[in-house]
Amino acid sequence: MLQRSKKSGQAYFPPRPFFPGDPSQEVEWFQASGKATLLSYVINNRPPPGFEGPVGLCVVKLAEGPTMLTNITDCEQTPEALILDMALELAPHTVNEEVTLPLFRPAKGG
């Protein structure tokens with residue numbers, strides 16, 4: 001789910017109770033496509049406790065326009081595998097009943 005301005009239709013992230021471009025505009029939630037492209041990344045070979053390394057910290061551009069920081073799963077965390085502009089699809093990771101993280105994986109056929 002993403003938020004957007006009701007007036008302009010422009011999507012934004014992270015969520016907040018107002019549109020960042022004009023706080024007077026009304027906002028609404030909508031179902032995102034789950035599609036994105038890889039803009040940039042850094043590979044952390046010394047991951048924090050609880051993670052197995054290496055871990056790619058990735059910036060992705062959602063099909064709707066906003067960018068976000070995430071991880072890519074089902075993919076080697078190497079420069080050879082993390083190709084810039086590669087097509088991605090949402091791969092939600094359930095942490096518990098209240099928290100689901102929006103991770104991504106390489107898109108099928110992409």
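Structural remarks
- Taken as a whole, region 53-62 holds at least one residue that is farther than 18 Å from residue 88 by Cβ and out of contact with any helix residue (DSSP H, G or I) (no Cβ under 9 Å at 6 or more places or on another chain).
- Output for region 38-60, where each listed residue is under 22 Å from residue 10 (Cβ atoms) and either buried (at least 17 other Cβ atoms within 10 Å of the Cβ) or modelled with pLDDT under 95 (or both): 60
- Extreme residue, nearest to the chain's Cα centre (by Cα), among residues of region 61-76 that are β-branched (Val, Ile, Thr) and more than 21 Å from residue 11 (Cα to Cα): 72
- Residue pairs meeting the criteria (Cβ under 8 Å; at least 6 apart or on separate chains; first farther than 12 Å from residue 55 by Cβ and assigned by TED's automatic domain parsing to the domain that holds residue 103, in region 73-91; second charged (D, E, K, R) and buried (at least 16 other Cβ atoms within 10 Å of the Cβ)): 87/35; 88/35; 89/35; 90/35
- Across region 78-110, the qualifying residues are those that are small (Gly, Ala, Ser) and either exposed (fewer than 15 other Cβ atoms within 10 Å of the Cβ) or more than 17 Å from residue 37 (Cβ to Cβ) (or both), and the one among them that is modelled with the highest pLDDT is 81.
- Residue 69 vs. criteria under 18 Å from residue 103 (Cβ atoms), modelled with pLDDT of 95 or more and among the hydrophobic types (A, V, I, L, M, F, W, C): yes
- Residue 26 being surrounded by fewer than 11 Cβ atoms within 10 Å (Cβ to Cβ) and either modelled with pLDDT of 95 or more or within 21 Å of residue 8 (Cβ to Cβ) (or both): yes
- The residue of region 28-60 that is farthest from the chain's Cα centre (by Cα), among those that are closer than 19 Å to residue 2 by Cα and charged (D, E, K, R), is 28.
- Number of positions in region 65-93 that are in contact with a Ser or Thr (Cβ under 6 Å, 6 or more places away or on another chain) and part of a loop (DSSP other than H, G, I, E, B): 1
- Tabulated pairs, region 40-51, first part of a loop (DSSP other than H, G, I, E, B), second loosely packed, with under 13 Cβ neighbours inside 10 Å, C-beta under 9 angstrom, 6+ apart or interchain: 45/53; 46/53; 47/53
- Counted residues, region 1-27 - those being over 19 Å from the mean Cα position of the chain (by Cα) and in a strand (DSSP E or B): 2
The values are calculated or read from the model by the stated rules, or taken from the named source; none is laboratory data. Quick caveat, the model's predicted, so the values are computed rather than measured. Ideal geometry is used to build each Cβ from the backbone, glycine not excepted, and the neighbour counts take in all protein chains shown.
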